[in-house]
Amino acid sequence: MDKKTVLNETHRDMGARMVSFGGWDMPVNYGSQIEEHHAVRHDAGMFDVCHMTVVDLRGARTREFLQHLLANDVGKLQNPGKALYSCMLREDGGVIDDLIVYFLSENWFRMVVNAATTEKDVAWIEAQAKPYEVSVEPRFDLGMIAVQGPKAREKAKTVLPGDLAASAMDLKPFSAAYAGEWFVGRTGYTGEDGFEVMMPESEAPAFWRALADAGVAPCGLGARDTLRLEAGMNLYGSDMDETQSPLTSGLAWTVALEPQDRAFNGRSALERQRAGGDLPKFVGLLLEGKGVLRGHQKVFDGDREVGELTSGGFSPTLERSIAMARVAADAGEQLTVDVRGKRLTVRRVKMPFVRNGKACIAL
Amino acid sequence: MSNDVPTELKYTRSHEWVRVDDEGIATIGITDHAQELLGDLVFVELPEVGAELGAGAECAVVESVKAASDVYSPVTGEVLEVNEVLADAPETINQDAYEDGWIFRVRLADPSEVEALLDADAYAEHAESEEH
């Protein structure tokens with residue numbers, strides 16, 4: 001039996017098509033994934049992300065603990081409310097999860113981790129936290145709704161609690177504000193402006209309906225995937241996992257090797273990988289002709305297999321198929337992908353494919 | 001969206017429909033139920049005209065934003081024609097699965113194969129049983 005978020009009944013009442021998604025019964029679309037995708041690119045859409053887990057970390061040594069736990073450096077977080085994206089690594093450099101961490105005070109940081117990895121994440125964090133006397137509190141009592149799109153903030157403003165609406169509108173990108181148990185981060189996973197809003201679970205259904213009344217399109221997780229793919233954002237479990245490091249997943253920019261004396265989990269493994277050279281490259285691909293690229297399809301340079309797609313799909317904005325791939329360091333520019341026995345020509349492109357509603361690549 | 005099941009057609013368990021004309025030519029597509037499950041279609045790989053298909057053979061692929069799905073020929077025969085409209089407008093299947101969204105036409109090698117397919121009631125029951 002799949003787990004249900006507090007919005008499950010609301011989705012059904014509002015006509016969502018529900019599917020099993022990583023152990024959760026979630027909306028895949030509300031009729032048309034493509035229309036929902038365009039709503040987020042051109043106006044505003046919302047996603048139920050209550051299945052993701054908020055973890056509060058409290059204690060005087062929390063910052064020091066996170067500088068050990070995470071590959072990115074929370075030393076960069078100097079103003080309360082500021083957020084940072086990071087991978088959490090094993091000793092061998094494999095990615096346990098990717099997450100966002102918010103600095104709220106020296107005694108309180110908040111992380112948001114993936115749904116499918118919550119159990120192993122919390123166990124790992126708790127074990128790592130012990131020597132630092134940091135308390136680890138998963139907030140299963142909080143719901144989370146992402147409101148995304150060029151008009152997302154404007155529309156969300158009208159329905160946020162009064163004491164939060166004004167401070168939310170003043171937020172800089174990748175920053176958060178809170179009032180009581182309501183929390184608003186100007187963050188997201190679509191390549192658009194917007195908010196991720198946390199609230200007591202019991203208040204999530206009314207907030208969802210109020211957003212819909214304010215003209216925010218309810219969207220399923222299908223659109224969330226095409227949006228994040230266009231935005232060149234990695235998906236845990238597809239584009240990286242415990243067998244890959246950030247350096248082989250296009251996430252080298254999230255690894256802070258300076259200062260050199262910060263001893264974070266996985267550091268020496270990453271340094272060894274980097275010194276060894278010839279690491280696979282993580283690249284964006286555009287399918288030249290018709291068809292759809294999918295994860296796990298093999299990539300070829302001439303007759304030589306040089307890697308595979310980590311995720312792929314149809315881009316509703318570009319009306320072409322795009323993919324992310326991990327390929328050999330010496331793979332050339334002229335590549336093909338095996339799509340059900342046929343070799344289709346792809347072009348290597350710089351990610352993101354789409355950002356703020358606009359194509360970032362030439363078609 | 002209604003899950004239409006026209007009574008004059010025959011169906012497969014893998015969600016294809018078949019319409020046979022007076023000259024023994026079968027027009028084949030996927031059902032309205034199937035297109036709704038797949039969601040927005042973005043690409044259709046059509047069979048080759050002239051190909052000889054066996055009943056149950058994989059012969060086309062419909063790709064939605066979510067996933068790729070094989071289409072099986074319900075009958076044995078030669079492909080006479082394919083719906084070229086789908087190359088540029090795969091969403092035609094979403095809009096009109098039983099008419100404009102047809103996929104290919106086959107000259108039937110053995111018309112009795114059609115009799116063995118599901119009728120509308122049996123298909124509707126099958127589709128419903130698969131829902132959960």
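Please treat every number below as a calculation from the coordinates, not as lab data. These numbers come from a predicted model, not from an experiment. Positions of Cβ are backbone-derived with ideal geometry, glycine not excepted, and every protein chain shown enters the neighbour counts.
Taking 8 Å as the Cα distance limit and 6 or more residues as the minimum spacing, I'd like the relative contact order of the stretch A:168-290 as a percentage.
With pairs under 8 Å counted, the relative contact order is 15 percent.
Are there GluC sites (Glu not before Pro) in the stretch A:298-339 that DSSP puts in a loop and that have at most 14 other Cβ atoms within 10 Å, and which ones?
A:E319, A:E333
Per residue and in cubic angstrom, what volume does the convex hull of the Cα atoms of chain B have?
It comes to 97 Å³ per residue, whole-number rounded.
Given the peptides A:106-118, B:48-60, arrange them by the average over their residues of other C-beta atoms within 10 Å, most packed first.
By packing density, highest mean first, the sequence is A:106-118, B:48-60.
Would you compute the Debye intensity of the stretch B:18-72 from its alpha-carbon atoms alone, equal scatterers and no solvent, and pass along log10 I(q)/I(0) at q = 0.22, 0.23, 0.29 Å⁻¹ to two decimals?
Debye output, listed in q order: -0.94, -0.99, -1.24.
I need the shape label for the stretch B:64-132. Rule: rounded when a/c is under 1.5, else prolate if a/b > b/c, else oblate, with a, b, c from the alpha carbon gyration tensor.
Cα axes put the stretch B:64-132 in the oblate bin.
Report the local net charge at A:V113: Lys and Arg +1, Asp and Glu -1, summed over other residues whose C-beta lies under 9 Å from its C-beta.
Here the charged neighbours net out to -3.
Return, for the Cα atoms of the stretch A:64-166, the radius of gyration and Dmax in Å, separated by a comma.
15.6, 47
State the Cα centre-to-centre distance between the stretch B:1-53 and the stretch A:182-218 in whole Å.
Centre-to-centre distance over Cα atoms comes out at 40 Å.
Roughly how far apart, in whole Å, are the Cα centres of the stretch A:144-167 and the stretch B:72-102?
The two parts, judged by their Cα centres, are 45 Å apart.
What's the center-to-center distance, using Cα atoms, between the stretch A:348-362 and the stretch A:277-337 in Å?
15 Å
Mean-square fluctuation check for chain A, GNM, Cα pairs under 10 Å: which of A:Y132, A:Y189, A:Y102 is largest?
A:Y132
When you look at the Cβ of every residue in B:59-65, what mean number of other chain Cβ atoms sits within 10 Å?
Mean shielding count: 5.
Taking beta carbons within 10 Å but only from partner chains, what does the mean come to for residues A:11-18?
1
Report the dimensions of the stretch A:1-157 along its three principal axes from the alpha-carbon atoms, largest first, rounded to Å.
Projected onto the principal axes, the Cα atoms of the stretch A:1-157 cover 49, 38, 29 Å.
Evaluate Rg over Rh across the protein assembly as shown, taking Cα atoms for both radii and Kirkwood's formula for Rh.
1.02
Got the relative contact order for chain B handy, in percent, Cα pairs under 8 Å and 6 or more residues apart?
Computed over chain B, the figure is 31 percent.
Give me the percent relative contact order of chain A, please, defined on Cα pairs under 8 angstrom at least 6 residues apart.
That works out to 18 percent.
For the stretch A:175-294, what class follows from the C-alpha gyration tensor (a ≥ b ≥ c being the square roots of its eigenvalues): rounded when a/c is under 1.5, otherwise prolate if a/b is larger than b/c, else oblate?
Oblate, since a/c reaches 1.5 and b/c is not below a/b.
Is the stretch A:102-142 rounded, prolate or oblate when judged by the Cα gyration tensor, a ≥ b ≥ c being the square roots of its eigenvalues, rounded requiring a/c under 1.5 and prolate requiring a/b larger than b/c?
It is oblate, given that a/c is not under 1.5 and a/b is not larger than b/c.
Given the pairs A:K120/A:K281; A:K3/A:K157; A:K290/B:K66; A:K151/A:K172; A:K342/B:K10, which are separated by over 24 angstrom at their Cα positions?
Those over the limit are A:K120/A:K281; A:K3/A:K157; A:K342/B:K10.
Per-residue ellipticity at 222 nm for chain A, helices alone: DSSP H runs ≥ 4 residues times -39500 (n - 2.57), over residue total, nearest 500 deg cm²/dmol?
One gets -6000 deg cm²/dmol as the mean residue ellipticity at 222 nm.
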